[in-house]
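Heads up, the thing below is written out as structure tokens.
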Amino acid sequence: MPLKIRVKPEGKIFAGGAVLKNVGNRPADLLILSDSPVLREGYMMNVERRGESDASNVYFLLQVIYLFKGKGQPLDHLVIETIKNFSKLYPSFAADIDQIIAHLEAGEAFKALKVGHKLLAEQEKVEPPALAQPAATPEASLSSI
């Protein structure tokens, strides 16, 4: 099914393996005719940002699964286990983690990514758990996985 998307001036989107930028001074309407993964700039995370927090590690993994059509791929199990480890570190996010896992298991990578985006914003509001603070052992943080 075609997807119509509006890109703000100077805005970027990822579509089907390419990053596109609106270089005009007006919004651009695009119609994506193929079944390709599409991400708006606000959902894109560069590899350099993935180590900023445990939630950013989870989000980056979800982004990779979505962009590379991860259903049934060899790394899906590893991603789900990593997300479960995140849930152990942050029990207050258990409901979101359960939603993410359900979406991944149903092959709905973009829906999982949307919940991950919400999770990323929520973790920025809370202090990391005692296990993930700098004095902790390496195995206490997802960034060591």
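Take the residues in the stretch 49-60 that are in contact (Cβ under 8 Å) with a residue 24 or more places away in the chain and not in a helix (DSSP H, G or I); name whichever of them is surrounded by the fewest Cβ atoms within 10 Å (Cβ to Cβ).
Of the stretch 49-60, the ones in contact (Cβ under 8 Å) with a residue 24 or more places away in the chain are 51, 53-59.
After this cut, where a residue has to be not in a helix (DSSP H, G or I) as well, the list is 51, 53.
Details: G51: 13, S53: 18.
Of everything passing the filter in the stretch 49-60, G51 is surrounded by the fewest Cβ atoms within 10 Å (Cβ to Cβ).
Against the conditions (1) surrounded by 11 or more Cβ atoms within 10 Å (Cβ to Cβ); (2) closer than 16 Å to N57 by Cα; (3) at pLDDT below 75, where does P138 fall short? Just the number, please.
The number of the failed condition is (1).
Quick check on the stretch 94-107. Is at least one of its residues in contact with a Phe, Trp or Tyr (Cβ under 7 Å, 6 or more places away or on another chain), crowded, with 17+ Cβ neighbours inside 10 Å, assigned to a helix (DSSP H, G or I) and touching a residue at least 40 places away in the same chain (Cβ under 8 Å)? Before you say what the answer is, go through the steps one by one.
To start, the set of residues in the stretch 94-107 that are in contact with a Phe, Trp or Tyr (Cβ under 7 Å, 6 or more places away or on another chain) comprises 97.
Narrowing the set further to residues that are crowded, with 17+ Cβ neighbours inside 10 Å leaves 97.
Still in the list and also assigned to a helix (DSSP H, G or I): 97.
Now narrow it down to the ones that are touching a residue at least 40 places away in the same chain (Cβ under 8 Å): none.
Looking for residues that are in contact with a Phe, Trp or Tyr (Cβ under 7 Å, 6 or more places away or on another chain), crowded, with 17+ Cβ neighbours inside 10 Å, assigned to a helix (DSSP H, G or I) and touching a residue at least 40 places away in the same chain (Cβ under 8 Å), one finds none in the stretch 94-107, hence no.
Between a residue in the stretch 1-25 that is free of Cβ contacts under 8 Å to residues at least 24 places away in the same chain and any residue that is surrounded by fewer than 13 Cβ atoms within 10 Å (Cβ to Cβ) and among the hydrophobic types (A, V, I, L, M, F, W, C), which pairs come within a Cβ distance under 9 Å, given they are 6 or more apart or on different chains?
That search, which allows pairs on different chains as well, returns P9/V23; E10/V23.
Restricting the first residue to the stretch 29-48 and requiring it to be in a loop (DSSP other than H, G, I, E, B), which pairs with a second residue that is aromatic (F, W, Y) meet a Cβ separation below 7 Å and a spacing of at least six or different chains?
P37/Y66; M44/F14; M45/Y59; M45/F60
Check the stretch 68-77 and report whether any residue there is over 16 Å from the mean Cα position of the chain (by Cα), on the phi > 0 side of the Ramachandran plot and surrounded by fewer than 16 Cβ atoms within 10 Å (Cβ to Cβ).
Yes.
Report yes if I80 is assigned to a helix (DSSP H, G or I) and without any contact (Cβ under 8 Å) to a residue 60 or more places away in the chain, otherwise no.
Numbers: assigned to a helix (DSSP H, G or I): yes; without any contact (Cβ under 8 Å) to a residue 60 or more places away in the chain: yes.
Against the criterion (assigned to a helix (DSSP H, G or I) and without any contact (Cβ under 8 Å) to a residue 60 or more places away in the chain), I80 qualifies.
Could you please give the count of residues in the stretch 1-29 that are more than 22 Å from the chain's Cα centre (by Cα) and at pLDDT below 90? Walk me through how you get there before you give the answer.
Of all residues in the stretch 1-29, those more than 22 Å from the chain's Cα centre (by Cα) come to 1-2, 9-10, 22-29.
Okay, now just the ones that are also at pLDDT below 90, so 1-2.
Number satisfying all stated conditions: 2.
The values are calculated or read from the model by the stated rules, or taken from the named source; none is laboratory data. Predicted, not measured: the structure shown is a model, and the values here were computed from it. Note that each Cβ is placed from the backbone with ideal geometry, even for glycine, and that neighbours are counted across all protein chains shown.
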